[in-house]
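A short worksheet on the structure shown next.
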Amino acid sequence: MGNSTTRGVRKLMSPVTKAFYGNTTEDDGSCSSDIGNDALCKRFCAAASPFVLTRTSSMYFDEDGDLAHEFYEETAGKSRRRTHMKRIYRNLTPQGVIEYDIPKLHPNIPTVIYQVT
């Protein structure tokens, strides 16, 4: 039972260990970060970082250059006494990718972080 759990953890942690330490198993010669000509390994190992440096923003720019999550305009009702707020969906540009000031840990990395006080 413990052997299958160890194999499962080793499979999950192998991208992280390969990214930092290279290929730790000598019998599996399929990937090693020391080999310079293996482009697939370099791309895979670089993508396996435990840190998240960027995220996609959920905010939008409007025509005036204002930045917000949602935009509304005030419209007059039929009787001209009541006004309604109408959400704007057109002419909005997404903000794009934002870099974090401080790198965050990826939530799918199975690592236990413990602070001893």
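Contact map, the stretch 59-85: first residue free of Cβ contacts under 8 Å to residues at least 60 places away in the same chain and β-branched (Val, Ile, Thr), second residue exposed (fewer than 10 other Cβ atoms within 10 Å of the Cβ) and assigned to a strand (DSSP E or B), Cβ cut-off under 6 Å, separation 6 or more or different chains; pairs are THR83/GLU74. Summed over the stretch 81-117, residues that are surrounded by 10 or more Cβ atoms within 10 Å (Cβ to Cβ) and basic (Lys, Arg) total 2.
Taken together, the values in this text are just the output of simple stated rules run on the coordinates, not laboratory data. Note that the structure is a prediction, hence the values are computed from the model and not measured. Cβ sites come from the backbone with ideal geometry, for glycine too, and all protein chains shown count toward neighbours.
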